[in-house]
Amino acid sequence: MPRASGLAERAAEAIVLGVASGALQPGQRLVEAELAQLLKMSRVPLREALKILEAQGILESTPHRGTHIASFENARIDEICEARIALERIALRGAAAAYQSNPQALVRLDRILATMERAASHMDWLEISKADLNFHREICAASGNTIVQILWEALARHVLIIFGKEIRDERDAKSIIPQHRKLRDMLASNDVAGLDAEIEHHILRLRRRKQPRSKGQAARS
């Protein structure tokens, strides 16, 4: 595939950030003239950006209806999470081995955690989400598995949008650092079996919180 221009990638990233922040809504129709004015760019790179996002499944175009942001309904989010769990399980195994042979590489995760902590102290959820994404991107990079990195990046923009849709509060701001530090420490100790189970819990934790509980579960809580 031809390499996208820098302006087109910037426009694509701006649209994704708009959806993740709530400025743009799933299902919303995108009007080229309005977007071009908002992003202060010509329609040529903007059209290229729209094609990129359509190819990635973030936008949908239909005759006579124009271009819309994908719906991101529960079934779609569940599919994205399922694919992400499978990819990150592979990445974690490779990353754990890499960190064992080069513990200094864990510093990159620690820097991301520090960024996440600063954002959490201000409850800046967009910056928290970006740091969260970068934490998992770094693990995929550390794994050395090129195919996993390519496939994970194909999901990355979807994941950022899902982060933006999750309902978060002060409780989540306080817990998000320990949750990621736990993954970091398990990687450092090469706890592959533990990581295999933990990553599913980690990725689905907010999804499961939204699921309705039975009367028995409610009585026990």
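The values are calculated or read from the model by the stated rules, or taken from the named source; none is laboratory data. The structure presented is a predicted model; accordingly, all values stated were derived computationally and were not measured. Please note: Cβ atoms are built from the backbone with ideal geometry, for glycine as well, and neighbour counts cover all protein chains shown. Remember, those area values only see protein heavy atoms, side chains included, never the ligands or the DNA or RNA. Shrake-Rupley method; radii C 1.70, N 1.55, O 1.52, S 1.80 Å.
Here are a few things to note about the model shown:
- The residues of segment 160-190 that are of a type in the set (Lys, Arg) and touching a residue at least 12 places away in the same chain (Cβ under 8 Å), listed by number, are Lys165, Arg168, Lys174, Arg181, Lys182, Arg184.
- Number of the exception - Ala91 against (1) among the small types (Gly, Ala, Ser); (2) under 17 Å from the mean Cα position of the chain (by Cα); (3) surrounded by 16 or more Cβ atoms within 10 Å (Cβ to Cβ); (4) modelled with pLDDT under 95: (4)
- Verdict on Gln100 being open to solvent by 60 Å² or more (accessible area, probe 1.4 Å), in contact (Cβ under 8 Å) with a residue 12 or more places away in the chain and in contact with a helix residue (DSSP H, G or I) (Cβ under 7 Å, 6 or more places away or on another chain): no
- Counting only residues that are without any contact (Cβ under 8 Å) to a residue 40 or more places away in the chain and surrounded by fewer than 18 Cβ atoms within 10 Å (Cβ to Cβ), segment 103-119 holds 8 of them.
- Given (1) open to solvent by 70 Å² or more (accessible area, probe 1.4 Å); (2) within 23 Å of Ile177 (Cβ to Cβ), index of the condition His64 fails: (2)
- Residues of segment 160-185 satisfying the condition of being under 23 Å from Leu24 (Cα atoms), in a helix (DSSP H, G or I) and out of contact with any Phe, Trp or Tyr (no Cβ under 9 Å at 6 or more places or on another chain): Leu160
- Lys51, sole failed condition from (1) crowded, with 17+ Cβ neighbours inside 10 Å; (2) more than 30 Å from Glu198 (Cα to Cα): (1)
- Residue check for Ile80: in contact with an Asp or Glu (Cβ under 8 Å, 6 or more places away or on another chain), under 27 Å from Ala142 (Cβ atoms), open to solvent by less than 80 Å² (accessible area, probe 1.4 Å) and touching a residue at least 12 places away in the same chain (Cβ under 8 Å): no
- Among (1) out of contact with any helix residue (DSSP H, G or I) (no Cβ under 6 Å at 6 or more places or on another chain); (2) open to solvent by 30 Å² or more (accessible area, probe 1.4 Å), the one test that His136 misses: (2)
- Selection within segment 29-48 - open to solvent by 100 Å² or more (accessible area, probe 1.4 Å) and either within 14 Å of Thr67 (Cα to Cα) or part of a helix (DSSP H, G or I) (or both): Arg29, Glu34, Gln37, Leu38, Arg43, Val44, Arg47
- Among (1) in contact (Cβ under 8 Å) with a residue 40 or more places away in the chain; (2) under 18 Å from the mean Cα position of the chain (by Cα) - the single one Ala14 does not satisfy: (1)
- When Ala131 is tested against (1) open to solvent by less than 60 Å² (accessible area, probe 1.4 Å); (2) among the aliphatic types (A, V, I, L, M); (3) at pLDDT below 95, exactly one condition is not met: (3).
- Residue within segment 97-105 that is in contact with a Leu (Cβ under 8 Å, 6 or more places away or on another chain) and closer than 29 Å to Glu198 by Cα present: yes
- The one condition in (1) open to solvent by 60 Å² or more (accessible area, probe 1.4 Å); (2) in contact with a Phe, Trp or Tyr (Cβ under 6 Å, 6 or more places away or on another chain) that Pro26 fails to fulfil: (1)
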